[in-house]
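Participant: First the structure, which I've put down as structure tokens, then a few questions once you've had a look.
The values are calculated or read from the model by the stated rules, or taken from the named source; none is laboratory data. For clarity, every value in this text was computed on a predicted model and none was experimentally measured. Cβ placement follows ideal geometry from the backbone for every residue including glycine, while neighbour counts extend to all protein chains displayed. Only protein heavy atoms, including side chains, enter the accessible area calculation; ligands, DNA and RNA are left aside. Shrake-Rupley method; radii C 1.70, N 1.55, O 1.52, S 1.80 Å.
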Amino acid sequence: MKTFLLTTAIAALSCIGVARATALPATCAHVVVASSQPHGAGSLAGHGYDLSLAGDAQRTFHAGDITATGTGLDPQALRDMEDVASLVLLATLTGHHSEGCAQDYFAAAATPIMEGLRAGHSYDLTWQDGQLTSGATKLSFRRAHLHLGGARSDDTPSTLTLDTQGVGITGTHNILLASALPQQATANASVPGSALVSLATAITGHPAHNIMVPLHVSSLNAQRGSMQVTGNGDANLTGNTDASSATGHIQVQNLDAVIDTLRNAGQTRASAALVLAKLFGHKAASGGTSWDVSWEGGVMTVNHIPLPIR
């Protein structure tokens, strides 16, 4: 579940917009759209959207419908925004990096969105009936919606909300992921607008060691059946999960169901770790269990005690 939440935060941060017909490099990805039509000023709706990474037919992203809206963007710029957002989402969730997604492409692509955010404008992307494929693994969702709210300068954080619904996964050998992946999640966060381009480059290409993007998560809610995780905190994202760090507060409702789910999936180390965590967790007024947590160097700690989750 930790991996999914970090991935969700990274994907949300990275969905930057694209400028006046900035061409998606053929060395990076290929996109086909069955139909795409403007709907009034600053809105574009598409049907049958398919993106595949260059030279890798095993990694694709399909959306039954895709919609982009943004103040001051013409239809071509909105279409480009769809392409970059979908590209980064696919690269994030498959963990695939490509040298074909050049930094100058993202630098050129971000210009109108960065200008719009500084002017206080907002941008929205919605995917319906999505499926991301990486080999035999298929991650699907009913709906995903990203909202970016503008700030008045590069130094003033932009706000974002990412909401995903109806999430499921098949074909994976990662039993822990299949057992604990949230079916729906919502994150509200803020990030410096000037950091979006470098993070997008790090995710889709080879992450640079000097990329470090600060993220403040004001609220996070993830659910799977009766299991619910809420939280808030701060993170430094690098485009590489093990090189990223985070601190925050997490509360789990129905922790016993989480432990039983992991135990039934054969995840004895993870279930044992949560049993230990439960012992020194704090009981919340709502009936849940809460902890102060951190993630650094690929190690998760709860109340400063490292957990054997891998």
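Participant: Which one of these is β-branched (Val, Ile, Thr), modelled with pLDDT of 85 or more, open to solvent by 50 Å² or more (accessible area, probe 1.4 Å) and not in a loop (DSSP other than H, G, I, E, B): Thr159, Thr164, Thr133?
Facilitator: The conditions single out Thr159.
Participant: Here's another thing I want to ask about it. Could you list, in sequence order, the residues of the range 111-134 that are more than 17 Å from Leu78 (Cβ to Cβ) and hydroxyl-bearing (Ser, Thr, Tyr)?
Facilitator: Thr133, Ser134
Participant: Turning to a different aspect of this structure: Could you grab me the full set of residues in the range 298-309 that are within 16 Å of Gly231 (Cβ to Cβ) and open to solvent by 30 Å² or more (accessible area, probe 1.4 Å)?
Facilitator: Within the range 298-309, Met300, Asn303 meet the criteria.
Participant: Only one of (1) more than 15 Å from the chain's Cα centre (by Cα); (2) open to solvent by 40 Å² or more (accessible area, probe 1.4 Å) fails for Gly95. Which number is that?
Facilitator: Here Gly95 meets the rest and fails (1).
Participant: I need a count of the residues in the range 54-82 that are in a helix (DSSP H, G or I), open to solvent by less than 10 Å² (accessible area, probe 1.4 Å) and modelled with pLDDT of 85 or more.
Facilitator: Residues that pass the stated criteria total 3.
Participant: So if I check each of Leu51, Leu117, Leu24, Leu89, which one is assigned to a strand (DSSP E or B), touching a helix residue (DSSP H, G or I) at 6+ places or on another chain (Cβ under 8 Å) and modelled with pLDDT of 80 or more?
Facilitator: None of the others qualify; the one that does is Leu51.
Participant: Within the range 262-279, does at least one residue satisfy the condition of being open to solvent by 40 Å² or more (accessible area, probe 1.4 Å), of a type in the set (Lys, Arg) and free of Cβ contacts under 8 Å to residues at least 40 places away in the same chain?
Facilitator: yes
Participant: Filter the range 282-297 for residues that are surrounded by 13 or more Cβ atoms within 10 Å (Cβ to Cβ) and modelled with pLDDT under 85 and give the result.
Facilitator: Ala284
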